[in-house]
Amino acid sequence: MSKFYSRVIDYIWLALVALLPITSLPLVAKIVRSSSVAPASLIFLGLLIVLWLPVYLKKNGRFPFQTKIVFVFLLVALISTALSFLYLVPIYKSNTLIRSVFEGVATLVIGFFFYLVTTAVPNTDRKLSVTLKMLNWSGLVMLFWALIYFWGISFGSDATRKALFNLQFLFSTSRLYVIRAMGFTSEPSWLANLLNLLYLPYWLAATLTRFTVHGKRIWIFSLENLLLVLGLVSLYATMSRAGYFAFFLVLGFLFIKLNVYLINRISKRWNSNRMRTLLNVVLVVGIVFSYLVTVIGTLYVFSKIDPRMSDVFSIQLLKERGFTMYLDQLQFGERITYWQTGWRIFNAHPLFGVGLGNAGFYFKRLLPDYAWQMAEVRALSYHSDGLLNVKSMWMRVFAELGIMGFSVFLVFLLVTAFTSGQLLKSTSQFKRTIGWMGIFMLIAFIVEGFSVDSFALPYMWISTGFVAATWRWTNSL
């Protein structure tokens with residue numbers, strides 16, 4: 001019975017990992033009554049909570065110490081939300097405070113349990129390895145579908161497009177995008193998000209350390225190398241500007257490390273301190289110049305391939321219509337106004353925020369005046385019954401949980417960075433790979449945290465949880 005039970009739990013966990021690419025499964029959307037954030041893996045998370053967690057706790061099962069910080073974050077969030085019932089919350093259409101709070105708390109609880117099971121279910125070398133194998137195979141299927149969809153929508157016949165649309169509706173509840181890859185997600189930016197926060201960090205780390213969990217290679221190439229290339233093509237096909245920037249930030253980090261290594265290597269060849277200093281200055285100036293050229297060149301390429309960026313170099317537009325409408329023309333101004341509103345909410349309630357899910361009640365009162373010039377803001381305000389949201393994890397934590405919640409959240413991310421750094425010091429190739437994965441994920445999250453604001457999306461929790469699990473459970477790997 002014990003072996004059978006363990007095997008069932010392992011299969012449920014692998015099913016959870018296999019379904020991570022699906023963010024908005026219609027069946028789950030009906031269960032949780034959400035049209036967007038409804039990850040298919042939530043079904044198997046629920047099974048683990050019911051079948052695994054009580055037994056694990058009864059047997060005095062251990063968790064990595066990092067889970068204590070996430071638990072404290074959850075506790076602070078609940079306190080902040082409880083305090084929100086003492087505030088004079090503005091009325092916004094037919095929305096109720098209780099429903100909003102319930103949905104907000106539910107998303108964070110879901111994220112917490114994703115993290116919890118990831119840190120403890122794969123608690124042996126074999127389970128950690130099998131998890132990565134499943135991540136690779138599910139990622140391969142995801143990339144295959146993303147590229148097929150992108151190719152078919154861009155170059156296929158009307159019949160092909162119709163067939164692809166019908167298939168996509170089996171996995172997604174949202175509207176379909178033309179000439180942008182979606183994978184199994186709700187929208188292209190979410191595909192970029194899961195690539196940057198889970199799949200690409202592992203594939204890039206494995207490529208950097210020359211590690212493969214499968215043990216076999218084709219000549220000098222591993223499956224992770226192939227997946228990295230396909231992943232980058234899929235990331236390009238999403239045409240997500242935040243997704244591009246997040247990955248470029250990771251590459252910039254690696255480029256800086258390479259530059260520092262080269263500077264140290266070259267400067268050691270000079271005996272004169274003055275010449276060494278001069279050389280360092282020249283190299284640093286050259287590096288900064290190359291970064292500027294890279295940024296400008298990248299923006300130029302985007303202006304040619306992405307219609308939203310066609311006016312990025314339009315100085316005339318900036319002069320005639322101002323910075324706000326310039327950003328609006330780039331279809332980016334709305335995001336800035338949402339972030340600014342979130343910051344205003346934080347300024348009004350700096351200590352504990354306004355509680356999970358409640359930021360939208362304060363939007364109409366605290367939106368900047370210029371925001372009403374933007375079509376999207378007017379449409380959402382006058383033609384939608386739903387609450388507006390901050391569209392940024394960073395600003396959401398500030399607005400809804402205040403400085404108390406943000407401080408704990410930041411400590412959690414810093415501890416994950418420290419844990420990743422400890423793994424990098426290991427002689428184990430596996431540990432170093434997961435250490436790099438954690439570092440790359442955290443760097444990408446700096447940008448992705450300005451793109452997605454839902455706690456229920458599992459990718460950040462899975463990546464950080466796997467770092468903690470590797471630190472806690474690995475032995476021989």
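The values are calculated or read from the model by the stated rules, or taken from the named source; none is laboratory data. This is a predicted model, so every value here is computed, not measured. We place every Cβ from the backbone using ideal geometry, glycine too, and count neighbours over all the protein chains shown. Surface areas here come from the heavy atoms of the whole protein model, side chains and all, with no ligands, DNA or RNA. Shrake-Rupley method; radii C 1.70, N 1.55, O 1.52, S 1.80 Å.
Extending each Cα 7 Å along its Cβ direction at VAL55 and ASN259, get the distance between those two points in nm, one decimal.
About 5.3 nm separates the two model spin labels.
In 5 Å bins starting at 0, how do the alpha-carbon pair distances of the range 90-174 split up by percent?
Final binned percentages: 3, 11, 10, 11, 12, 12, 13, 13, 11, 4, 0.
Consider a paramagnetic label point 7 Å from the Cα of PHE4 along Cα→Cβ; state which residues of the range 48-90 have an amide N under 20 Å from it.
48, 50-56
Using all C-alpha to C-alpha distances in the range 30-114, build P(r) with 5 Å bins and read off the rounded percent in each one.
With a bin width of 5 Å, the distribution comes to 3, 10, 17, 19, 19, 15, 9, 5, 2, 0.
What whole-number value in Å² describes the accessible area per residue of the chain for a 1.4 Å probe?
On a per-residue basis, 48 Å².
Please tell me the relative contact order of the range 387-477 in percent, rounded to the nearest whole number, where contacts are Cα pairs under 8 Å and at least six residues apart.
Here the relative contact order equals 38 percent.
Could you tell me what % of all Cα pairs in the range 396-462 have separations over 17 Å?
When every Cα pair of the range 396-462 is considered, 48 percent fall beyond 17 Å.
Show that you can apply the helix-only estimate: for the chain, add -39,500 (n - 2.57) for every DSSP H stretch of four or more residues, divide by all residues, and state [θ] at 222 nm to the nearest 500.
Numbers: 20 runs with 328 residues, N = 477.
After summing the helix terms and dividing by residue count, I get -23000 deg cm²/dmol.
Taking 0.36 nm per intervening residue step and subtracting the Cα-Cα distance, what contour gain separates PHE102 from LEU292 on full extension?
63.8 nm
Could you compute how much accessible surface ILE148 exposes when probed at 1.4 Å, giving the result in Å² to the nearest 10?
Around 70 Å² of this residue is reachable by solvent.
Answer rounded, prolate or oblate for the range 134-177, using the Cα gyration tensor with square roots of eigenvalues a ≥ b ≥ c: rounded when a/c is under 1.5, else prolate when a/b is larger than b/c, else oblate.
Values: a/c = 2.74, a/b = 1.57, b/c = 1.75.
It is oblate, given that a/c is not under 1.5 and a/b is not larger than b/c.
If you project the alpha carbons of the chain onto the principal axes, what extent comes out on each, in Å, largest first?
Per principal axis, max minus min of the Cα coordinates gives 69, 63, 56 Å.
Just to confirm my numbers, what's the Cα centroid distance between the range 120-156 and the range 376-400 in Å?
Distance between centres, Cα-based: 32 Å.
Give me the mean projected area, in nm² to one decimal, of the convex hull enclosing the Cα positions of the range 193-262.
5.3 nm²
Out of the total accessible area of the chain (probe 1.4 Å, heavy atoms of protein only), what percent is carbon and sulfur?
68 percent
Label the range 325-420 by shape, choosing from rounded, prolate and oblate, from the square roots a ≥ b ≥ c of the eigenvalues of the Cα gyration tensor; if a/c is under 1.5 it is rounded, and otherwise prolate applies when a/b is larger than b/c, oblate when it is not.
Note, shape of the range 325-420 comes out prolate.
Find how much the distance from LEU140 to VAL282 grows on full extension, using 0.36 nm per residue of separation minus their present alpha carbon separation; answer in nm with one decimal.
46.7 nm
For the range 362-473, compute Rg over Rh where Rg is the Cα radius of gyration and Rh is the Kirkwood radius from the inverse mean 1/r over Cα pairs.
1.13
On the Cα set of the range 156-227, report Rg and Dmax in Å, please.
16.3, 45
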